[in-house]
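The values are calculated or read from the model by the stated rules, or taken from the named source; none is laboratory data. Owing to the predicted nature of the structure, the values given are computational and were not obtained by experimental measurement. Note that each Cβ is placed from the backbone with ideal geometry, even for glycine, and that neighbours are counted across all protein chains shown. Quick note on the areas: whole protein, heavy atoms, side chains included, nothing else; ligands and nucleic acids left out. Shrake-Rupley method; radii C 1.70, N 1.55, O 1.52, S 1.80 Å.
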Amino acid sequence: MSKIVIMSKKEKYELLLHQMESLIEGETNKIGVMANITAAIHDTMQFFWVGFYLVEGDELILGPFQGSVACFRIPCTKGVCGAAWSRRATVVVEDVDKFPGHIACSSLSRSEIVVPVFNQQGEVAAVLDIDSTDLATFDATDQYYLEKMMKSLRL
């Protein structure tokens, strides 16, 4: 009989950190790297939606993701993604219905975390957007590990 191992959130993120290092080491295909990162986070953490939005002019453009269909374009001043981009800081939202200007790509999304990704010049090049179907899914542990992952990803 096989034994089921239950990992803590921290243990899952530690595993993801090591996996991400392997995925990005020496790889120059940025789209492929982002695609594998979203797949790894989605599969390991079982979040509803995980994806990148790339900065293009004054908009965020949909990049690699895992989950249901998503919004193609987000103006720089709109939604949780726009807030993280303009603030240059992670935004954690316990209840998206209470976030002013939230963009509902899916009515199933209940909570969200968005982490900016910086390029070599220190500018926001993208944001990592993660949605959950549960309220208050994201906490300081998620923020710490996702920020750590995104610091090693230079677009």
Which residues, taken from the range 60-80, are under 12 Å from residue 126 (Cβ atoms) and open to solvent by 50 Å² or more (accessible area, probe 1.4 Å)?
65
What is the number of the single condition among (1) under 14 Å from the mean Cα position of the chain (by Cα); (2) in a loop (DSSP other than H, G, I, E, B); (3) without any contact (Cβ under 8 Å) to a residue 60 or more places away in the chain that residue 104 does not meet?
(1)
Within the range 128-155, considering residues that are hydrophobic (A, V, I, L, M, F, W, C) and over 20 Å from residue 108 (Cβ atoms), the one modelled with the lowest pLDDT
155
Exactly one condition in (1) at positive phi; (2) in a helix (DSSP H, G or I) is false for residue 26; which is it?
(2)
Going by the structure shown, is residue 94 buried (at least 23 other Cβ atoms within 10 Å of the Cβ) and either farther than 19 Å from residue 58 by Cβ or of a type in the set (Ser, Thr, Tyr) (or both)?
no
Yes or no: residue 25 farther than 29 Å from residue 97 by Cβ and at pLDDT 95 or above?
no
Of the residues 28, 44, 38, which single one is of a type in the set (S, T, N, Q) and open to solvent by less than 20 Å² (accessible area, probe 1.4 Å)?
38
Which one is surrounded by the most Cβ atoms within 10 Å (Cβ to Cβ), of the residues in the range 126-153 that are more than 13 Å from the chain's Cα centre (by Cα) and touching a residue at least 24 places away in the same chain (Cβ under 8 Å)?
137
Could you tell me whether any residue of the range 112-121 is more than 19 Å from residue 38 (Cα to Cα) and either under 15 Å from the mean Cα position of the chain (by Cα) or not basic (Lys, Arg) (or both)?
yes
I'd like the full set of residues that are of a type in the set (Asp, Glu) and in contact with a Phe, Trp or Tyr (Cβ under 9 Å, 6 or more places away or on another chain), limited to the range 1-53.
14
Looking across the range 97-127 at residues that are aliphatic (A, V, I, L, M) and at pLDDT below 95, the single one that is farthest from residue 67 (Cα to Cα) is 103
Just one of 116, 64 is assigned to a strand (DSSP E or B), under 18 Å from residue 138 (Cα atoms) and of a type outside the set (A, V, I, L, M, F, W, C); which is it?
116
